[in-house]
Amino acid sequence: DAGVIQSPRHEVTEMGQEVTLRCKPISGHNSLFWYRQTMMRGLELLIYFNNNVPIDDSGMPEDRFSAKMPNASFSTLKIQPSEPRDSAVYFCASMVSRTQYFGPGTRLLVL
Amino acid sequence: SQQGEEDPQALSIQEGENATMNCSYKTSINNLQWYRQNSGRGLVHLILIRSNEREKHSGRLRVTLDTSKKSSSLLITASRAADTASYFCATDPANAGGTSYGKLTFGQGTILTVHP
C-alpha cells in the first residue's frame, strides 16, 4: 500500500487566492482526519470524517475553510480566500483500529 | 493546560543512552498512543497502550501507563542517531455513551536529539 497520499506537497500562493489540498486515504480505512501544524500552535485537528460523513468540524478556524469527502478514497480541504496566517503544514490522516496513519503533509505558504 | 502534555520539551543525549519522555493527561481514556515525527515528515505511529494495560514493549520501546496518575512514559533504550525526532503522545478519550470515532488529542511533543 502506498500509504496516505497528499497533494500538492508544497504550495505557495498569494493572499486572497483559493487553495485546495487533496488527500487519498489508505484503502479500507473508514475515518479521515485533517490537521494543521505550526510552531506556535502545534498540531491542531481541523475536521474529521467517518464513512465519508463529517463528524466534528469544530476545529475549522473560520468559514474560509471547508472540507469535503465525496467518496471513501478522496477528500479535499479548501481555503478561500487564503491569508498569510493560514501558512502551515496541513496533514491528512486515515485510521484503522484506533491508529492513525499520516500523510507526508502539504506545506502551505501564503504571501 | 491541554490533554496530553509531554515533558521534557526537549531532550539531548548521546548515542547508546536511554531516553525517557513523559506524558500527562486530564480525562479518562480508552487508550494512549505515541507517535514520532521526523523533521519535515508526517507522524508515524509507534505504540498503543490500552487503559487496562500497565506496560507494553515494542523493540527498543517501552511504554508505561498509570491511569491513577493520568500519566504515561516512553522509554527508548540504547538510542541511536536515527531516533532523533519529535515524539508526541495522543489520548483517545473515553466517552460515556457516545463515540469518539478515534479522535485523538495530541500534546506539544518532546524534541529528542541523539548525538552520535
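Figures for the structure shown
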{"quantity": "Restricting segment A:44-95 to residues that are within 11 Å of the chain's Cα centre (by Cα) and basic (K, R), the residue that is nearest to A:G28 (Cα to Cα)", "calculated": "A:K68"}
{"quantity": "Elements of type strands (runs of 3 or more DSSP E) contained in segment A:27-111, each with 2 or more residues being away from chain B (no Cβ under 11 Å), in contact (Cβ under 8 Å) with a residue 12 or more places away in the chain and in contact with a Leu (Cβ under 9 Å, 6 or more places away or on another chain)", "calculated": "A:31-38, A:65-71, A:74-79"}
{"quantity": "Sole exception among (1) at pLDDT 95 or above; (2) closer than 25 Å to A:T38 by Cα for B:L104, by number", "calculated": "(1)"}
{"quantity": "Only listed residue being in contact (Cβ under 8 Å) with a residue 40 or more places away in the chain and within 13 Å of another protein chain (Cβ to nearest Cβ), chosen from B:P93, B:P116", "calculated": "B:P93"}
{"quantity": "Some residue of segment B:48-69 being in contact (Cβ under 8 Å) with a residue 40 or more places away in the chain and either aromatic (F, W, Y) or buried (at least 16 other Cβ atoms within 10 Å of the Cβ) (or both)", "calculated": "no"}
{"quantity": "Hits in segment A:76-111 - residues which are surrounded by fewer than 21 Cβ atoms within 10 Å (Cβ to Cβ) and acidic (D, E)", "calculated": "A:E83"}
{"quantity": "Hits in segment B:1-58 (condition: under 21 Å from A:F33 (Cβ atoms), in a strand (DSSP E or B) and of a type in the set (V, I, T))", "calculated": "B:I29, B:V44, B:I47, B:I49"}
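The values are calculated or read from the model by the stated rules, or taken from the named source; none is laboratory data. Everything quoted here is computed from the prediction, not taken from an experiment. Glycine gets a Cβ as well: all are built from the backbone with ideal geometry, and neighbour counts include every protein chain shown.
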